[in-house]
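These notes are about the structure you will find just below.
The values are calculated or read from the model by the stated rules, or taken from the named source; none is laboratory data. All values reported here derive from a predicted model rather than from experimental measurement. Heads up, the Cβs are rebuilt from the backbone with ideal geometry, glycines too, and the neighbour counts pull from every protein chain shown.
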Amino acid sequence: MTRADCVRELLSEYQARRAQNEREQDARIAEAERADPEIARIREESRSLAFDALKRIMTIESEAERRALAEQMRQRGIFNNGEIRRRLRAAGFPEDYLEPRYRCEICKDTGYVGDAPARFCDCFEAELRRRMHEDGSMAGTDEQRFERFDPSVFPEEGGQRAQMLAIRRACEDYADSFPHTKYLNLLLTGSGGLGKTFLLNCIYERVASRGFPAVRVTAFRMFEAMRRQHMANSPDERGFADLIAAPLLLIDDLGSEPMMRNVTVEYLFTLLNERMAARRHTVIATNLDPVQLNEHYGERVASRVLDRSLGVAMRLSGRDLRLL
Ligand SMILES: [Zn+2]
């Protein structure tokens with residue numbers, strides 16, 4: 001992918017994240033209003049007061065009167081907010097429970113900072129760099145073949161090179177023996193910049209070039225297919241069904257996709273469960289360790305990702321190649 005492709009993809013992820021933030025905020029508001037219906041009443045009163053005041057302000061001729069009304073509204077707003085905070089506390093919620101929450105407070109998950117000309121926020125730039133470099137991202141994935149594997153880029157210290165050679169051998173065996181692999185599934189874990197995506201792409205390239213159908217997706221694209229499936233009324237929504245049916249599915253960067261209530265975990269469970277039941281091969285690369293997988297997706301999904309009877313996990317460790 002070019003930088004422009006990466007920017008486009010990332011901007012749409014930020015957009016999805018903002019929509020997700022709003023849904024979560026709505027859910028918090030509904031929860032608080034259930035716990036204390038008076039909060040709902042105060043919020044409703046604030047809304048209608050503000051609306052009435054706006055209408056009145058437009059009809060008032062005198063500047064002084066307009067100011068007075070605006071100040072009165074401001075005071076009323078402060079009072080109502082204080083009252084809501086007090087009630088939230090009393091009901092056992094944090095005071096700011098109804099405020100929006102962002103992953104990045106600086107850009108509020110817009111990806112941009114500053115007025116025109118705005119520039120990308122640091123969080124956006126960092127993610128962009130990661131995608132363009134991390135293990136080559138999807139950039140020039142055709143270049144990522146076992147034949148191009150260059151052990152010399154891995155430092156010898158700490159046994160990183162030897163470890164990488166062993167893991168590469170296991171991955172190549174897997175790709176060469178597909179579909180009669182020793183283990184059904186392969187899990188590549190370890191922090192970013194150690195070569196997981198590279199290995200995943202190598203497996204894809206080898207299996208595909210041997211003529212077997214393989215589907216490779218980033219976790220974000222996988223999530224998009226799930227989301228579309230969830231929203232779809234049409235039975236001909238194929239994306240998610242294709243992921244279930246692929247003889248070999250490779251999911252890159254699992255854990256980086258948005259967490260959408262009733263979608264991410266449920267659909268991921270369905271996907272993994274159905275694939276395992278049909279004994280279809282799945283390769284997953286993720287930055288999450290087993291404990292984090294459990295925290296992130298819950299035991300039901302984690303136990304499938306980590307199932308030792310059907311798969312083998314390989315942990316990459318060592319120094320981030322991008323920082324060498
Ligand atoms: Zn930011």
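Mind checking which residues of region 232-289 are more than 26 Å from Arg18 (Cβ to Cβ), under 22 Å from the mean Cα position of the chain (by Cα) and among the polar types (S, T, N, Q)?
Within region 232-289, Thr270, Asn273, Thr282 qualify.
Exactly one condition in (1) modelled with pLDDT under 90; (2) within 16 Å of the ligand (Cβ to nearest atom); (3) among the aromatic types (Phe, Trp, Tyr) is not met by Tyr102; state its number.
Tyr102 satisfies all of (1) modelled with pLDDT under 90; (2) within 16 Å of the ligand (Cβ to nearest atom); (3) among the aromatic types (Phe, Trp, Tyr) except (1).
For region 172-215, give me the residue count where each residue is part of a helix (DSSP H, G or I), under 20 Å from Arg275 (Cα atoms) and not polar (S, T, N, Q).
7
In region 149-175, which residue that is surrounded by fewer than 18 Cβ atoms within 10 Å (Cβ to Cβ) and hydrophobic (A, V, I, L, M, F, W, C) is farthest from the chain's Cα centre (by Cα)?
Ala162
Answer with yes or no whether Phe178 is surrounded by fewer than 19 Cβ atoms within 10 Å (Cβ to Cβ) and in contact with a Leu (Cβ under 8 Å, 6 or more places away or on another chain). Even if it seems obvious, please write down each step before you answer.
Numbers: surrounded by fewer than 19 Cβ atoms within 10 Å (Cβ to Cβ): yes; in contact with a Leu (Cβ under 8 Å, 6 or more places away or on another chain): yes.
Yes, satisfied.
Return the total of residues in region 50-85 being within 22 Å of Ala30 (Cα to Cα) and either surrounded by 11 or more Cβ atoms within 10 Å (Cβ to Cβ) or in contact with a Pro (Cβ under 6 Å, 6 or more places away or on another chain) (or both).
Of the residues in that region, 9 qualify.
Looking at (1) out of contact with any Gly (no Cβ under 8 Å at 6 or more places or on another chain); (2) more than 26 Å from Tyr174 (Cα to Cα), which is the one condition that is false for His296?
It is condition (1) that His296 fails.
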